[in-house]
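Working notes, beginning with the structure itself.
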Amino acid sequence: MSLLVLDEPTAVLTPREVDDLFAVLRDLASSGRGLVFISHKVNEVLELSDRITVLRAGRRVGELPRASATRDRLVEMMVGRQLAGEGRPAAAPAGAAVLEVKGLVVAGDRGDEAVKGLDLEVRAGEIVGIAGVSGNGQRELAETIAGTRRSTRGSVSVNGRELSGAHPARVRAIGLSYVPEERMRDGVVPDFSVAENLLLVDSGRPQFSRLGFLRGRTIRRHCQQLVDDFAVKTPSLDTPVRNLSGGNIQKLIMARELSGRPSVLLVAQPTRGIDVGAARYIHQRLVEQRDHGTAVLIISEDLDEVMSLSDRVLVMYEGRIIGAADARGASREAIGLLMAGVAAGAARA
């Protein structure tokens with residue numbers, strides 16, 4: 001082997017496993033092998049690479065030697081403009097518990113227990129992030145909270161109203177909005193237009209229909225307002241969603257879910273597979289929701305994302321929450337150990 005190509009190789013690794021992988025890759029490079037490392041994680045690219053090539057919209061826009069590359073410069077090349085800085089969000093004031101999960105047990109697709117007696121709560125005006133390596137029950141937890149998967153035991157409630165076993169429409173009516181991790185499978189209908197996808201869950205509301213007929217002009221005004229408010233780049237409201245970029249599809253889903261003014265926002269893998277500019281925009285909107293009093297639960301395999309956004313971090317391992325920490329006081333290394341199942345190091349919240 002003289003050349004090794006790696007495409008997002010760290011997506012499902014803990015921080016310690018990333019360090020181990022990078023040590024192996026450096027040894028390979030030192031022994032004369034060529035490596036092509038493809039990643040949207042700028043910090044990893046800077047840590048590992050000797051030369052960095054930036055692609056945008058399918059084109060090569062530039063190349064930099066590592067010695068002259070900075071994070072800000074790479075991000076600017078990736079999105080085509082400068083971005084405002086994004087620091088850790090300010091501490092949120094304590095609020096009442098809005099989302100409460102107690103003793104939740106959920107079966108996985110193969111019938112085994114994917115979630116095992118899990119407890120958590122999210123308060124108004126708070127972002128709680130769940131960190132964990134893929135396959136530790138996060139998907140099953142999110143689907144159960146959102147009403148698309150039934151639990152075996154336990155309860156889920158929003159503002160004291162029980163949701164266990166409720167239809168997704170009732171879950172949304174009670175005040176929980178959901179951005180799923182598989183946006184093309186669960187978040188949109190790819191062959192439907194932008195307008196149709198924006199109205200997927202709200203077409204029955206009185207403002208959009210009358211005597212069984214959709215109110216076309218009202219609907220288009222509403223959809224255009226969402227497209228403008230969330231900076232969704234689309235040729236028109238009639239464009240099939242499959243023709244949009246991943247980042248714009250994610251912004252469309254966020255626009256639709258936030259249009260219901262939820263008291264709880266559940267977002268799974270909020271920026272997976274999207275460009276830096278769209279990711280930064282979505283992060284800003286999540287923080288804004290927190291500041292408006294929404295209880296926000298983020299489930300992400302990207303530890304940097306979880307720690308930069310969250311007020312509290314929970315770590316999920318083998319279907320359980322095995323650790324909790326204030327995001328401002330926790331170390332990345334301690335959280336990474338918890339993700340690997342080593343229950344030590346993080347101060348409990």
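Could you tell me the number of lysine pairs in the chain with C-alpha atoms less than 26 Å from each other, where the two lysines are 8 or more residues apart or belong to different chains?
Step by step, the pairs that qualify in the chain add up to 4.
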Handout entry: Inter-probe distance in nm under a simple model that places probes 7 Å from Cα toward Cβ, at residue 221 and residue 59
Key = 3.9 nm
Exercise for the section: Mind listing the long-range amide H neighbours of residue 293? Cut-off is under 5 Å, sequence gap 5 or more, other chains count too, H placed in the peptide plane at 1.01 Å from N. Expected result: 125
Fill in the blank from the handout: Site residue 202, offset 7 angstrom along Cα→Cβ, radius 16 Å on amide nitrogen, limited to region 140-169, gives 169
Problem - Fully extended contour minus Cα-Cα distance, from residue 213 to residue 116, at 0.36 nm per residue - result: 30.4 nm
Completion exercise
Once the mean of 1/r over all distinct C-alpha pairs in the chain is inverted, the Kirkwood radius in Å reads 21.5 Å
Handout entry: Sorted by Cβ neighbour density within 10 Å, fewest at the top, the residues 342, 287, 194
Key = 342, 287, 194
Handout entry: DSSP beta bridge pairing in the chain, given as percent antiparallel to the nearest 5
Key = 55 percent
Handout entry: Gain in span if fully extended, residue 170 to residue 27, counting 0.36 nm per residue against the direct Cα distance
Key = 46.0 nm
Problem - Estimated D of region 3-79 in µm² per second, where Rh is the Kirkwood radius over Cα pairs and Stokes-Einstein applies at 20 °C, 1.002 mPa s - result: 162 µm²/s
Problem - Relative contact order (%) - the chain, alpha-carbon pairs under 8 angstrom, separation at least six - result: 20 percent
Handout entry: Phi to ³J(HN,Hα) by Karplus 6.51 cos²θ - 1.76 cosθ + 1.60 over region 156-167, Hz, x for Gly, Pro
Key = 10, 9, 10, 6, x, 9, 5, 10, 4, x, 6, 5
Practice task
For residue 179, list long-range residues whose amide hydrogen, built 1.01 Å from N in the peptide plane, is under 5 Å from its own amide hydrogen.
Solution key: 266, 267, 268
Fill in the blank from the handout: Checking 47, 100, 17 against a Gaussian network model of the chain (alpha-carbon springs below 10 Å), the top fluctuating residue turns out to be 47
Fill in the blank from the handout: In this structure, the FRET efficiency calculated for residue 19 and residue 236 from their beta-carbon separation, with R0 = 45 Å, to the nearest 0.05, is 0.45
Practice task
Using only C-alpha atoms and all pairs of different ones, pull out the Kirkwood radius for region 240-349 in Å with one decimal.
Solution key: 15.0 Å
Completion exercise
The ³J(HN,Hα) series, computed from each phi in region 317-326 with the Karplus coefficients 6.51, -1.76 and 1.60 at θ = phi - 60°, rounded to the nearest Hz and given as x for glycine or proline, is 9, 6, x, 10, 7, 9, x, 9, 7, 5
Fill in the blank from the handout: Taking N as the residue count of region 182-263, its alpha carbon Rg divided by 2.2 N^0.38 Å gives 1.03
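Laboratory data are not the source of any read-out in this text; all were calculated from the coordinates shown. Quantities reported herein were computed from a predicted structural model and do not represent experimental measurements. Please note: Cβ atoms are built from the backbone with ideal geometry, for glycine as well, and neighbour counts cover all protein chains shown.
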